[in-house]
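Asker: Got a structure here, written out as structure tokens. Questions coming.
The values are calculated or read from the model by the stated rules, or taken from the named source; none is laboratory data. Keep in mind that this is a model prediction, so the values were computed, not measured. For neighbour counting, all protein chains shown are included, and Cβ atoms are generated from backbone atoms with ideal geometry for every residue, glycine included. Just the protein is used for accessible areas: all its heavy atoms, side chains included, with ligands, DNA and RNA removed. Shrake-Rupley method; radii C 1.70, N 1.55, O 1.52, S 1.80 Å.
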Amino acid sequence: MPTASLNEIVHAALSGQVVSFPTDTVPALAVSPPYAALIFAAKKRTFDKPLILMAASAADLWDYVEGNQEEREIWRQMTEKHWPGSLTLVLPAAEKVPKVLNPKNPSTIGIRVPAHAIAREILGRTGVLATTSANLSGQEPLLTPEAIMTTFPSVTVLAPTERQAWGIINSGQPSTVARWQCQGWDILRQGAVFL
């Protein structure tokens, strides 16, 4: 059950290993996007449930989505209002998004910037990561590093003592997921953010 410092988490993620760290909603499992299949295997998750891309800033994510100028302005306004925060936007995927992140519908990708300083520090150093909640598929999200280490013994977990990061999970509630559909938003999952 490996635990790691923040520097070790960054190194592991950059090396293509699955890592776990807290966010503003629930703790994440994360990996460099080309290695996303490792998360599906660890979670015993079917490929019809997509992963999302998480980053330290909106600017890091725009190259992963495609839309016209009007759409991008609408998306930018939404992110300025709610990011960093517990809102995941599902937008048309650009060519650079690995298909394994959303095998059932690779035309879309979820993106988010968390409102959690440690998560953003990690993401600022790793770049964009493929992420999902830390839990086995179909089970409730795990909220402590100890539970994550027990369930996922091969995942590198941010040490419980690392800057007390685990003590500043804000909600324990998953993010709101909003999908862009024909000039409007379709709420796929209601979380902490109300649109």
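Asker: Which one of these is farther than 29 Å from Ser15 by Cβ and either without any contact (Cβ under 8 Å) to a residue 60 or more places away in the chain or under 17 Å from the mean Cα position of the chain (by Cα) (or both): Glu80, Glu121, Glu95?
Answerer: Answer to the selection: Glu80.
Asker: For the structure I just gave you, tell me whether Arg120 is over 19 Å from Pro141 (Cβ atoms), crowded, with 18+ Cβ neighbours inside 10 Å and at pLDDT 95 or above. Steps first, please.
Answerer: Details: over 19 Å from Pro141 (Cβ atoms): yes; crowded, with 18+ Cβ neighbours inside 10 Å: yes; at pLDDT 95 or above: yes.
It is true that Arg120 is over 19 Å from Pro141 (Cβ atoms), crowded, with 18+ Cβ neighbours inside 10 Å and at pLDDT 95 or above.
Asker: Does Thr131 fit the bill of being among the polar types (S, T, N, Q), over 16 Å from the mean Cα position of the chain (by Cα) and at pLDDT 95 or above?
Answerer: No: the conditions fail for Thr131.
Asker: Go through (1) touching a Leu at 6+ places or on another chain (Cβ under 7 Å); (2) assigned to a loop (DSSP other than H, G, I, E, B); (3) at pLDDT 80 or above and name the single condition Pro174 misses.
Answerer: For Pro174, the failing item is (1).
Asker: In addition: Which members of segment 128-140 meet the condition of being open to solvent by 30 Å² or more (accessible area, probe 1.4 Å), in contact (Cβ under 8 Å) with a residue 12 or more places away in the chain and of a type outside the set (S, T, N, Q)?
Answerer: Within segment 128-140, Leu136 is the sole residue that qualifies.
Asker: Here's another thing I want to ask about it. Looking only at segment 2-30, how many residues end up being touching a Phe, Trp or Tyr at 6+ places or on another chain (Cβ under 9 Å) and either open to solvent by 10 Å² or more (accessible area, probe 1.4 Å) or not hydrophobic (A, V, I, L, M, F, W, C) (or both)?
Answerer: Looking only at that region, the number is 6.
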